[in-house]
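**Q** To start, I am sharing the structure in question, which I have written as structure tokens.
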Amino acid sequence: VQLQASGGGLVQAGGSLRLSCAASGSSIRAMGWYRQAPGMQRELVATITSAGITKYADSVKGRFTISSDNSKNTVYLQMSNLKPEDTAVYYCNGLFNMGWGSARAYWGQGTLVTVSS
């Protein structure tokens, strides 16, 4: 089981970035993005189930959009109108089906998003 995230970088406030996370190794039940700013706890940004049901943190609603391509086992996070407070390391999370009705969550490597004011 593996998660490969990409797409972080430096952007000015008001700009946009798209993060991608490709999963491999098992079928996916749900995927999501979390972020961790310096000195802060990791927090949920957005999640999407294999059925396409989405959930967002209040702080990103209306600015971020999570989507998935089930054929590629890939999840995307389109981030628009970025703010300096969005600066964080963004982590991909995948809930994989492990057989016999069980599931297990895995983390991908983080990708840094820096928003300058």
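**Q** Taking 0.36 nm per intervening residue step and subtracting the Cα-Cα distance, what contour gain separates SER117 from VAL1 on full extension? Walk me through the intermediate numbers first.
**A** On the way: separation 116, 0.36 × 116 = 41.76 nm, distance 3.77 nm.
38.0 nm is the gain from fully extending SER117 to VAL1.
**Q** Which residues in region 95-117 place their backbone N less than 14 Å from a point set 7 Å from the Cα of LEU10 along the Cα-to-Cβ direction?
**A** 112-117
**Q** Follow-up question, since we're still on this one. Go through GLY99, ILE66, GLN41 and say which Cα lies farthest out towards the positive end of the charge dipole of the chain; charges sit on Cβ, +1 for Lys and Arg, -1 for Asp and Glu.
**A** GLY99
**Q** With both bridge residues required to lie in the chain, what share of the DSSP beta bridges run antiparallel, to the nearest 5%?
**A** 90 percent
Here, each number is a calculation from the coordinates, and none is a lab measurement. Bear in mind the structure is a predicted one, so any value in this text is a computation, not a measurement. Backbone-built Cβ (ideal geometry, glycine too); neighbour counts: all protein chains shown.
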